[in-house]
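What follows is a set of notes on a single structure, which appears directly below.
The values are calculated or read from the model by the stated rules, or taken from the named source; none is laboratory data. Small disclaimer: the values here were computed from a predicted structure and weren't measured. With ideal geometry, Cβ positions are generated from the backbone for all residues, glycine too; neighbour counts draw on all protein chains shown. Surface areas here come from the heavy atoms of the whole protein model, side chains and all, with no ligands, DNA or RNA. Shrake-Rupley method; radii C 1.70, N 1.55, O 1.52, S 1.80 Å.
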Amino acid sequence: MSNKSLQARKDKAFARGQGTLTSAFIEKALNAELWDVEGKRYIDLGSGIAVVNTGHNHPRVQAAAQAQLEKFSHTCLTVTPYACAVELAEKLNAVAPGATPKKSIFVTTGAEAVENSVKIARTHTGRTGVIAFNGSFHGRTSLTMGLTGRVAPYKVGFGPFPGEIYHAPFPNAYHGVSVEASLRALSMLFTVEIEPGRVAAIIIEPVQGEGGFYQAPFDFLQALRRLCDQHGILLICDEIQSGFARTGKMFACEYAGIEPDLITMAKGIAGGFPLAAVVGKAEIMDGPRPGGLGGTYSGSPIGCAAALAVLEVIEEEQLCERATRVGENMVSRLSTLQAMFPHKIGDVRNLGAMIAIELVHEGDANQPDPELTQAVVDEAARNGLILLSCGIRGNVIRLLPPLTITDELIGESMDLLEKTFDRLIGASG
Ligand SMILES: Cc1ncc(COP(=O)(O)O)c(C=O)c1O
């Protein structure tokens, strides 16, 4: 079996809409390394898109999932529930930021968590409007596509989109959008589009993921909190990509010291098992009536058991602190790389281990270089390094290593990245 033959079969068997970033078909994985069907080894700086924060096949997570599998794999949480789900809800309620008592629901995917957060916000407030941000990504279902602030590839040809969704500019210093400008635009939105009294929620990623790893300034999140309180609007933090120790805190919004009304969680929550959650202020969470929330596979017992192990690993292995160190370590190497290629690497940024470089022409933020970005991803994969691209301009390379990656592997991965840049642009300058 070769990568090439599997790719040919995949091209025939799969709709092209479910594309892939690399042509490596993976046979096995361990911590921060992958091996493909041809035995080629890769360092994984994608973590399955910020999912395996605890590394591939963490023995504790695997053992917890296996033990649960021995007992039962599915009974349906909304029919005959089980203890591991209750225990997980209690633990998530306790780790969610803020002193207000919390409640949880479990679903299966991030998009479902976002959909449900909007349903909960609408029932609690009796309002319909939702404000999201330019460049945001909240999922691929109809409502979450509507919330997503980027057209290609997520919305092209998929309309009509649900109503009562509005977008505001996300503050982005590198691209010249100040906190003040974003707040002014929100105020204008209240003037020209929808009165605040009809807005159920404002949803924001504390660090935009697919949009390009732009961090919402802490004072912006604080200002949003005040604005929401002023108008009775709920603040939803979408921590699906930024949660579970990824940024150096359990949740990125903790940096701003705010308490969101609702938090959406998925990805890193269960170390690779499909599980997602909405955790929020108890009174708000109890808005929908019994039966209004859920789903056949919501809160899979295997996912819940794995998630409990993930929480233990994050605490015992101090993965928040580790994320901060991983970020510092990589950014110091990336800054050196930027000094070598200042005309191509326009920006290096991170919050903990959510790390990105933005590729441009002539060092100019307004001249994105998506072609080079794609070339770097392809060449890195040939060199044995898995990288992910992102960004509304397609010119950001994001680094999301497992937080359990060793310093040696970080060093080796940065050597491979340097080699990739050297090969692609070193000679031509
Ligand atoms: C911030 C954010 N929200 C929502 C989603 C959707 O999650 P899922 O792909 O599990 O539906 C993602 C996925 O990338 C995400 O990064």
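A few comments on the model shown:
- Contacts under 9 angstrom Cβ, first residue in region 332-351 being under 22 Å from Pro217 (Cα atoms), partner of a type in the set (Phe, Trp, Tyr) and open to solvent by 60 Å² or more (accessible area, probe 1.4 Å), 6 or more apart: Leu351/Tyr255
- Selection status of Gln215, closer than 27 Å to Glu315 by Cα, within 18 Å of the chain's Cα centre (by Cα) and more than 10 Å from the ligand (Cβ to nearest atom): yes
Yes or no, residue by residue, for (1) surrounded by fewer than 24 Cβ atoms within 10 Å (Cβ to Cβ); (2) of a type in the set (A, V, I, L, M, F, W, C); (3) modelled with pLDDT under 95; (4) farther than 23 Å from Pro101 by Cα:
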site: Ile236; (1), (2), (3), (4): no, yes, no, no
site: Glu239; (1), (2), (3), (4): no, no, no, no
site: Lys249; (1), (2), (3), (4): yes, no, no, no
site: Ala256; (1), (2), (3), (4): yes, yes, no, no
site: Glu259; (1), (2), (3), (4): yes, no, no, no
site: Lys267; (1), (2), (3), (4): no, no, no, yes
site: Pro274; (1), (2), (3), (4): yes, no, no, yes
site: Gly280; (1), (2), (3), (4): no, no, no, no
site: Ala306; (1), (2), (3), (4): no, yes, no, yes
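- Number of positions in region 181-237 that are touching a Leu at 6+ places or on another chain (Cβ under 9 Å) and of a type in the set (Asp, Glu): 1
- Flag: Glu328 does not match the condition of being assigned to a helix (DSSP H, G or I) and under 25 Å from Asn93 (Cβ atoms).
- Qualifying residues in region 101-110 (those that are within 16 Å of the ligand (Cβ to nearest atom) and assigned to a loop (DSSP other than H, G, I, E, B)) - the one nearest to Gln222 (Cα to Cα): Thr109
- Condition met for Glu180 (within 30 Å of Ala245 (Cα to Cα), among the acidic types (Asp, Glu) and touching a Cys at 6+ places or on another chain (Cβ under 8 Å)): no
- Some residue of region 32-52 being polar (S, T, N, Q) and away from the ligand (no atom under 16 Å from the Cβ): no
- From the list Gly176, Gly197, Gly129, Gly157, the lone residue that is touching a helix residue (DSSP H, G or I) at 6+ places or on another chain (Cβ under 8 Å), away from the ligand (no atom under 16 Å from the Cβ), open to solvent by 20 Å² or more (accessible area, probe 1.4 Å) and modelled with pLDDT of 95 or more is Gly197.
- Positions within region 23-40 being exposed (fewer than 14 other Cβ atoms within 10 Å of the Cβ) and at positive phi, in sequence order: Gly39
- Where helices (runs of 4 or more DSSP H) fall entirely within region 1-100, those with at least 2 residues that are over 30 Å from Ile410 (Cβ atoms) are at 3-13, 59-71, 83-95.
- Conditions (1) of a type outside the set (Val, Ile, Thr); (2) in a helix (DSSP H, G or I); (3) within 12 Å of the ligand (Cβ to nearest atom): number failed by Arg184: (3)
- Reported count of residues in region 78-90, each being open to solvent by 70 Å² or more (accessible area, probe 1.4 Å), out of contact with any helix residue (DSSP H, G or I) (no Cβ under 7 Å at 6 or more places or on another chain) and not hydroxyl-bearing (Ser, Thr, Tyr), is 5.
- Note on region 41-77: among residues that are of a type in the set (Ser, Thr, Tyr) and surrounded by 15 or more Cβ atoms within 10 Å (Cβ to Cβ), the one that is nearest to Asp378 (Cα to Cα) is Tyr42.
- Count of region 134-149 residues which are within 16 Å of the chain's Cα centre (by Cα), buried (at least 19 other Cβ atoms within 10 Å of the Cβ) and not hydroxyl-bearing (Ser, Thr, Tyr): 7
- Checked against (1) in contact with a helix residue (DSSP H, G or I) (Cβ under 8 Å, 6 or more places away or on another chain); (2) within 16 Å of the ligand (Cβ to nearest atom), Asp261 passes all but condition (2).
- Region 379-425, residues that are touching a residue at least 24 places away in the same chain (Cβ under 8 Å), open to solvent by 30 Å² or more (accessible area, probe 1.4 Å) and assigned to a helix (DSSP H, G or I): Asp407, Glu412, Glu418, Lys419, Arg423, Leu424
- The set of residues in region 12-22 being open to solvent by less than 70 Å² (accessible area, probe 1.4 Å) and in contact (Cβ under 8 Å) with a residue 24 or more places away in the chain consists of Thr22 alone.
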